[in-house]
Amino acid sequence: MTTKLMGQPVQRVEDQRFLRGRGRYVDDVAVDSEAGTLHAAVLRSPHAHARIVDIDVSDVLDVAGVHAVWTYDDLTGPLGSPLATPLMGEPLPLLIPHPALTHGRTQYALAKDEVNYVGEAIAFVVAEDRYVAEDAVSRIRVEYDLLPAVVGIETARAARNLVHDDVPGNVGARLEQNVGDAPAAIAKAPHRLELDLTIERSACMPMEGRGTVARWDADLGRLQLWTSTQSSTGVRAAVAVKLGLDLGQVDVITPDVGGGFGVKINHPWPEELLVPMAARVLGRTVKFTEDRREHFISSAHERGQVHHVTVGFDDDGRLLGLDVEFWHDHGAYTPYGLIVPIITSTQLLGPYKPGAYRVTFESLYTNTVIVTPYRGAGRPQGCYVMERTMDAIAAYLGRDRTEVRAVNFIQPDEFPYDQGLIFQDGRELEYDSGDYPASLVKLKELIGWDDFPAYQRELAAQGRRVGIGLACYVEGTGVGPYEGAHVHIETTGKVKVATGLTTQGQGHATVFAQLVADELGVRFEDVEVVTGDTRRMPYAVGTFASRAAVMSGSAIHLAAKRAKEKVLKIAADALEVDEQDLQIVDGVVSVKGSPDAALDLGTVSVLSNPLRYAFDEASKAATQFSVGDPGKPPVPEDEEPGLEGRDFYSPERATFASGMHAAIVETDPLTAEITILRYAVVHDCGHLINPMIVEGQIHGGVAQGIGGALYERMVYDESGQLLNASFMDFLMPYVTEVPDSIEIDHLETPSPLNPLGIKGAGEAGVIPTSAVFAAAIEDAEAQSAPGFTITAMPISPSELFELRQRSSAG
Ligand code: MCN
């Protein structure tokens, strides 16, 4: 009997390839022979803010091996070819507009008259090889009229200079939401606190940067594009629209992606338009591969926000009113609209009931790299603000930090729970299910919360400083609008599954195969999964917002169900039995109780084909052996030929995963070095498909969160130069900085919104880490310096050292 695979820690099928270095990334795509491929390089602005007075490319065109040099004027101009389209001269799309974004701005594929950040693309060169292209880029002469740079939230707010002349105060958007009357509730509350909390700008660093290869088939009028993206259909739509092609003329194929973490959801990048345009104009395959410096200065950043909190509460720490105002650093343009600050403002409340709530934000332009969602997308900031507030309330009242949280939890019998807030899509945010009190009980047990004070005192007696911190969060996951799947049973009995979203390392080939094996009754090894190929599944949205398990998982489950229905109909017809009497086990359809009356799925597939093919095992070839009976259709009357099922899934709303993390840290009394002693996680993503993969996702997220809390930040100088745009200067945690063991416990409160009861898990690990470490370090320090508080993250040893000096001086 086949064992149910949902919930099993099945080993990842993709890892055999990855661990042997057999992954196939964009740069590995050997479309033509390497000799036939042209290579692109980009001239990027060295200034954060300047008018472009003149661009002189005259020294470049006659360089041997250079095939094209384009600036903005070439994008809509004649180019010696009728192929340039008017839309290439328009700004890139604003992907998620919002009515509050009154001053949305996006960049041009190549800067038009002005540059607004160091790294903005100005000119595009295509040459025989990358060396020639880079040399050619260095020969382009640009005359700039320098403008003052606006760098950092305070400078943007002061608005002495503007990023965009027509955006007053550098304010792209201001948005306020009210649930009840927070100022009045706070005024009446017995206790009141105010906090100022900062999180610095950072960015994700996928091992593989951005990369694109394009080939134009002039005979067929067809473009093939391989790109390292989180949304192949998004890139396809953008390329088709901008290049004036039908969607059907563009195939986007996403091979292995060496990490996305949000940055590859932006579409299109300028290069994703310029490379196919070049392939079309030049009639050659063209490739662009980003280098690491380009990733730092011309992809996207996130996280930078400054917050002011006013909170009113009672003697038990119960929230009566919460008023949060924050300022979001949007960088130079707003391709993703307001999605990051809207997520902060609406998911900041986490598992708590705030009493009344007012949240206001301003989204500010600065002369820095654009901001798009980075794993967690606004939630790490929101969680940090809420959890720092909880810790401040507990410290003020002298109460245990877990007690203050517990009195504010939404209770299990209160679901579905409406926080009364409006999300990006204009709909109310409603939490579907959860059990926060049970999570807290598990977390306290896992980390040994109640025993910690004794341990802390014992170590303090030895002159050691240890502290404990925790943080709770919720995460709206599995957002729509839809995802689809196609399940096809081959004549060999193998099952091919296609879903349109892309994969960046999340193990989709494994989990989706588990779902198909369970639903269809086939062996796991017989299922092959394809993602991110518009030729196989042209309708799809993409991988972001921890949505693949919920969205594609549900679509795959439904499509497999359809395929199964068809299998049973055809087999029942062939075996002359009732469908109800059939079962499918290990890829064989048999009559229950009569195992000899059976057909394997390959045979059923052959039966479903109007031209019946047999598969010759020896030659591995499909051999036509019969046209069947011309008088009898190959499949039952109401079925179409072919053994396949296709379905789409579209949810009512997002499903809310949740979790709680705790850490124990030690801080060195002399050097202020911070050591993580333990890290514990309780996570609830509904029913688990594959606990091992979910735990891997949590490990990865926590590691990334450790980076965000203790090491990583973007350091700009006043003129807008990014000072740490290399791995020599941008610190990432190594394996030595991540605890050997991240202890994980699961709670499974199923989502009522999808057929499998799943919630997402891909971002969770990174969300609470800054809040957890701020709390744990603060607790360690407060042993010797009561009242010690941390209000800015990340925190390095030298910053902790300075904070100690300031605290003891103050
Ligand atoms: N899963 C499961 N059971 C659940 C929920 C999830 O077994 N109840 C499994 C899923 O089937 C999937 C994985 O856990 O294999 C993550 O699922 P999900 O939460 O649906 O997230 P996505 O697959 O949509 O991945 C996107 C998410 C995001 S938004 C970012 S950012 C991120 C992340 O995943 N980027 C990643 N994890 C990443 N992991 C890697 N290696 N690389 C990235 O770029």
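Tell me whether the chain comes out rounded, prolate or oblate; compute the Cα gyration tensor, take square roots of the eigenvalues as a ≥ b ≥ c, and use a/c under 1.5 as the rounded threshold. Taking the square roots of the gyration eigenvalues as a ≥ b ≥ c, the chain is oblate. Only lysine pairs 8 or more places apart, or on different chains, with alpha-carbon atoms under 23 angstrom apart are counted in segment 480-649, and they number 19. Normalising the average separation of contacting C-alpha pairs (under 8 angstrom, six or more residues apart) by the number of residues puts the relative contact order of segment 480-649 at 30 percent.
Simple spin-label estimate for Q424 and D400 gives 3.9 nm between the two label positions (7 Å along the Cα-to-Cβ direction from each Cα).
Between R24 and K561, the simple spin-label model (points 7 angstrom out along Cα→Cβ) gives 3.4 nm.
Multiplying the residue separation of N724 and R318 by 0.36 nm and removing their Cα-Cα distance gives an extension gain of 141.9 nm. Return the FRET efficiency for the residue pair L611, E639: r is the Cβ-Cβ distance, R0 is 22 Å, and the value is rounded to the nearest 0.05. The pair L611/E639 has a calculated efficiency of 0.85. Test of understanding: extend the Cα→C-beta vector of D219 to 7 Å, then name every residue of segment 226-252 with backbone N under 19 Å from that spot. Answer for segment 226-252: 249-251.
Taking a straight line from the alpha carbon of K242, these aspartates and glutamates sit under 17 Å away, with near neighbours fewer than eight places off in the same chain left out: D73, D74, E90, D251, E271, E272. The antiparallel fraction among DSSP beta bridges confined to segment 247-363 stands at about 55%. In a DSSP loop and with at most 14 other Cβ atoms within 10 Å, the trypsin sites (Lys or Arg not before Pro) in segment 116-175 are R160.
In segment 480-649, the DSSP beta bridges split such that about 85 percent are antiparallel, to the nearest 5. Note on segment 509-596: Rg/Rh from C-alpha atoms, Kirkwood Rh, equals 1.06.
Under the rule a/c < 1.5 gives rounded, and otherwise a/b versus b/c splits prolate from oblate, where does segment 110-173 land using the Cα gyration tensor? The shape class here is prolate. I'd like the trypsin sites (Lys or Arg not before Pro) in segment 374-453 restricted to DSSP loop residues with at most 13 other Cβ atoms within 10 Å, sorted by number. In loop regions of segment 374-453 (DSSP not H, G, I, E or B), the sparsely surrounded trypsin sites (Lys or Arg not before Pro) are R427.
With Cα atoms defining each centre, segment 540-615 and segment 90-140 are spaced 49 Å apart in the structure. Report note on the peptides 305-314, 461-470, 447-456, 533-542: ranked by the mean count of other C-beta atoms within 10 Å, highest first, their order is 305-314, 533-542, 461-470, 447-456. Relative contact order (percent) for the chain, with alpha-carbon contacts under 8 angstrom and 6 or more residues of separation? Result for the chain is 15 percent. For a straight C-alpha distance cut-off of 20 angstrom, the lysines reachable from K759 (same-chain residues fewer than eight places away being disregarded) are K4, K442.
The order of the peptides 571-577, 293-299 by mean Cβ neighbours within 10 Å, most packed first, is 293-299, 571-577.
Here the simple spin-label model places points 7 Å from the Cα toward Cβ, and for V13 and E579 these points are separated by 2.7 nm. With the cut-off at under 18 Å, measuring from each backbone N in segment 358-388 to a point 7 Å along the Cα-to-Cβ line of H103 picks out 361-371. Loop-located chymotrypsin sites (Phe, Trp or Tyr not before Pro) in segment 716-810 (DSSP state other than H, G, I, E, B) with a sparse environment of at most 12 neighbouring Cβ atoms within 10 Å: F727, Y734. Each of H330, H267, H164 has some number of other Cβ atoms within 10 Å of its Cβ, and from fewest to most they run H164, H267, H330. Shown is the FRET efficiency for R535 and F648, computed with R0 = 22 Å from the Cβ-Cβ distance and rounded to the nearest 0.05: 0.75. Across segment 165-279, the mean sequence separation of Cα contacts (distance under 8 Å, 6 or more residues apart), normalised by length, yields a relative contact order of 26 percent.
Once you reduce segment 227-273 and segment 411-434 to the center of their Cα atoms, the two points are 33 Å from each other.
Highest mean packing first, where packing is the average number of other Cβ atoms within 10 Å per residue, the peptides 333-346, 755-768 line up as 755-768, 333-346. How would segment 727-810 be classified by its alpha-carbon gyration tensor: rounded, prolate or oblate, with rounded meaning a/c under 1.5 and the a/b versus b/c comparison settling the rest? Prolate, since a/c reaches 1.5 and a/b exceeds b/c.
Bear in mind these aren't lab numbers, they're just calculated from the coordinates by the rules spelled out. Predicted model only: the values in this text are computed from it and were never measured. FYI the Cβ positions are ideal-geometry reconstructions off the backbone, even for glycines, and counts take in every protein chain you see.
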